[in-house]
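Data first, discussion second: the structure below is written as structure tokens.
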Amino acid sequence: MNVRRTGISRPRLIGAAVVVILIVIAASYLFLFSGKIGGGSPSSATQSLLNFTSPLQLNAGGSSFVNPIMQTWIYEFQNMTQQQVTIDYTPLGSGAGISGIFSSLYDYAGSDAPVPPADIQANASGRTLLEIPEALGSVAILYNIPGVTQTLNFSGKVLEQIFLENITMWNDPAIQQINPGVTLPAQTIVVVHRSDGSGTTYALTSYFNDIDPTWSQKVGVGTFVNWPNSPNPELADAGSGGVALQVNATSYSIGYADSYYAFSNGIKAAAIENSAGAFLKPSIAGAAASAAAFASKVEANATYPIMDAPGAASYPISTYTYILVWANQQSAQKADALTAFIWYIVNQGQSYSPRLFYAPLPSAIVTLDESLIKQINYNGQSYAPQT
Amino acid sequence: MTDNQGRTKPRRASRAGADSVFRFLTLVFASSITFLTLLYFYELLTGSSLTLKLGPGFITGSTWDPLRGVFGALPMLYGSLVTAAIGLIIGVPTSLGVAIFISELAPQRLKFPIGFLVELLAAVPSVVYGFWGLFILAPFLTTYIYPYLQRYLGFLPLFGGQIYGVSIMSAGIILAIMVIPIISAISRDALQAVPDSQREAAYALGATKSEAVGSSVLSYARSGIIAAIFLGFGRAFGETMAVTFMIGNSPVIPSSLLKPGYTLASLIANEFTEATTKAYVSSLVEAGLVLLLVTFASTFLGRLLIRRLIREREAATYL
């Protein structure tokens, strides 16, 4: 006869259940009552920016390049409207942003890559897509070589050859030549690129194509390209943050990400040679100089690329990042909220740029943006402030 | 129903009514699961119809170049199978060890804490595994384990070449950790369900503890353990987030286990938002179909094996 008791005794089971319930309650207390990210509630003394009778939720997504400052803008704007407008931005990459705005999943999208005109034609069904420059930043080339604490220099050509896997070892003479004081190890270079559709990829591949026009046949220019996989496999990660994480965790690796991730995590960013022959690390000044060099071109065409800009102070892999939004909106509330939000971004929102390592928009571009924002309308009615 | 004199009493109508409601409800639940499964298959088949027409090249081709319309998912299928296999090769002996320890060898006081801690592993979210794996496990493996692996087993091409922290091997190891709670929990239940008569019979014949466990307990619990292993395989084959962090997402069949690769699940997770053309979406849905078919086949084979083992055991018991 089987008299052995199987299982756990009842008092012990009850005790364990009580402990688990207490932990769950404690955890939910911490989550629910510590407030939203950033903490604190808006003061009720100030008037809300917009007067909506019912709250409005905007869905958005796209570029991870702009995500650090986008989340700040969203937080501030939600406070300004006293939570009458809430915005949800998912940084799944510029490719996701573009497809999201076309499928009307998103009310607005973030993209560092301008949308190819052919794609707009195919998906617009008569609507006008506005591409509004919202931030100005740099693509940092991140690297992780144990034992190398100095800043590495790369010329555009050398960098392009590394990403093409024509240069495969860190101590290749081409790299050593432009880094005379650095002892480079005899290790294989592990290249990390984006696994998702990325405007940062677009900026980098655009820059490589500028340097070497055969790049577009070998790999391609766009948010999602055909990276080489031989002789060495390349690693891929989702989001600029993912690439930065991977480079941080993998010795002898090189990758590219929004400069925010380089500056905030202390990962090494390389100095790239610009068209005037100067080696510059990514910086706010470098991005601003690139934008200034192409100012008139951008004012004529908001999506003009600013990579490989002339001028001794220009950082060669700089890019604008854009808000994509349809001019014709489906409701007055949405037109009003989107107009107010984007107006805020290009005006007061720019004050957050320096501390998050973006360059503020030049004033001529702000004027251009305001004229684009005025095109957002519901039934022809614009909600932009009268300036 | 009989009363105290053995006569059958008529059932009262309300209880018979409750019975048919009960039967009806359970029938609804059972058929909804069947319906859901059929719906999955239907959706996956129609969603991938564009690339299904291209034939078996999907699982035999090794070039994945969606921009030029070439969809060869063999590297991903290889990655999924090999990482799951590594996960099982490492995970099954460990789980069995844990299960046998808890069920047969541990002192009564230790049974609950150890069991609880092992099952806590199952409560850790997949993303946290990936994060921990990338920052803690991968560097540890690269510094302390892989160099020795390469030194002693490096003559095999499987362990040669450049060592990567994110690789097929690392993904396999993290899968091993993730399947341990499932396999050990089910195996432990299977072992505890073995009647004491089996153990007593072995001791009566003079067996030591390990001989008793090995000969009578394990063989009696075989069907339950096999079920656990197939469940573990299903989990490991379809695992997405932890593997995406640890495998490197490189769409080639690597020449060694210490190099990065790709899995079907990571492929879908990474590229779904980028799939703008109909053919691309269809190819990703087909990857999902392959995932479902392999898991379905393994579960089916598992159940067949278990049924045969149970029959053998029943035949042996009544000899």
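The values are calculated or read from the model by the stated rules, or taken from the named source; none is laboratory data. Since the model is a prediction, treat every value here as computed from it, not as a measurement. In this analysis, Cβ positions are derived from the backbone assuming ideal geometry, glycine residues included, and neighbour counts consider all displayed protein chains.
The residues on offer are A:Thr183, A:Thr200, A:Thr188, A:Thr223, and the sole one that is of a type in the set (Val, Ile, Thr) and without any contact (Cβ under 8 Å) to a residue 40 or more places away in the chain is A:Thr183.
Looking at the range A:210-220, is at least one residue facing another protein chain (nearest Cβ under 8 Å) and within 27 Å of A:Gly277 (Cα to Cα)?
Yes, the range A:210-220 contains at least one residue that is facing another protein chain (nearest Cβ under 8 Å) and within 27 Å of A:Gly277 (Cα to Cα).
Of everything listed in (1) without any contact (Cβ under 8 Å) to a residue 24 or more places away in the chain; (2) within 18 Å of the chain's Cα centre (by Cα), the single unmet condition for B:Gly72 is (2).
For the range A:283-311, the candidate set comprises residues that are touching a Gly at 6+ places or on another chain (Cβ under 8 Å) and not polar (S, T, N, Q); within that set, the residue that is nearest to A:Asn153 (Cα to Cα) is A:Asp308. Residues in the range A:65-80 that are part of a loop (DSSP other than H, G, I, E, B) and surrounded by fewer than 23 Cβ atoms within 10 Å (Cβ to Cβ): none.
With A:Asn248, A:Asn226, A:Asn265 as the choices, which residue is over 26 Å from A:Pro114 (Cβ atoms) and within 9 Å of chain B (Cβ to nearest Cβ)? Every option except A:Asn248 fails the conditions. In this structure, A:Tyr260 does not qualify as under 20 Å from A:Gln161 (Cα atoms), aromatic (Phe, Trp, Tyr) and either out of contact with any Phe, Trp or Tyr (no Cβ under 7 Å at 6 or more places or on another chain) or more than 9 Å from chain B (Cβ to nearest Cβ) (or both).
When each of A:Tyr256, A:Tyr207 is tested for being aromatic (Phe, Trp, Tyr), at pLDDT 90 or above and within 14 Å of the chain's Cα centre (by Cα), the lone residue that passes is A:Tyr256. Identification of helices (runs of 4 or more DSSP H) wholly contained in the range B:14-133 with 3 or more residues that are within 25 Å of B:Ile182 (Cβ to Cβ) and within 14 Å of another protein chain (Cβ to nearest Cβ) yields B:74-100, B:108-123, B:126-132.
All conditions but one from (1) in contact (Cβ under 8 Å) with a residue 40 or more places away in the chain; (2) closer than 18 Å to A:Thr205 by Cβ; (3) buried (at least 21 other Cβ atoms within 10 Å of the Cβ) apply to A:Ile306; the one that does not is (1). Looking only at residues of the range B:53-75 that are touching a Ser or Thr at 6+ places or on another chain (Cβ under 6 Å) and either under 21 Å from A:Val225 (Cβ atoms) or among the basic types (Lys, Arg) (or both), we find that the one that is modelled with the highest pLDDT is B:Pro75. Among the listed residues B:Phe272, B:Phe296, identify the single one that is closer than 30 Å to A:Gly62 by Cα and without any contact (Cβ under 8 Å) to a residue 24 or more places away in the chain. Every option except B:Phe272 fails the conditions. Checking every residue in the range B:153-167 against the condition of being assigned to a helix (DSSP H, G or I) and modelled with pLDDT of 90 or more gives zero matches.
Only one of the listed residues (B:Ser266, B:Ser255) is out of contact with any helix residue (DSSP H, G or I) (no Cβ under 6 Å at 6 or more places or on another chain) and of a type in the set (S, T, N, Q). That residue is B:Ser255.
If you go through the range B:214-251 and keep only what is surrounded by 22 or more Cβ atoms within 10 Å (Cβ to Cβ), assigned to a loop (DSSP other than H, G, I, E, B), in contact (Cβ under 8 Å) with a residue 60 or more places away in the chain and within 13 Å of chain A (Cβ to nearest Cβ), you end up with B:Gly248, B:Pro251.
Residues of the range B:150-173 that are at the interface with chain A (Cβ under 10 Å from one of its Cβ atoms) and without any contact (Cβ under 8 Å) to a residue 60 or more places away in the chain: B:Gly165 alone.
Given the options A:Ala340, A:Ala288, name the one that is buried (at least 20 other Cβ atoms within 10 Å of the Cβ), touching a Pro at 6+ places or on another chain (Cβ under 8 Å) and touching a residue at least 40 places away in the same chain (Cβ under 8 Å).
Being buried (at least 20 other Cβ atoms within 10 Å of the Cβ), touching a Pro at 6+ places or on another chain (Cβ under 8 Å) and touching a residue at least 40 places away in the same chain (Cβ under 8 Å) holds for just one of A:Ala340, A:Ala288, which is A:Ala288.
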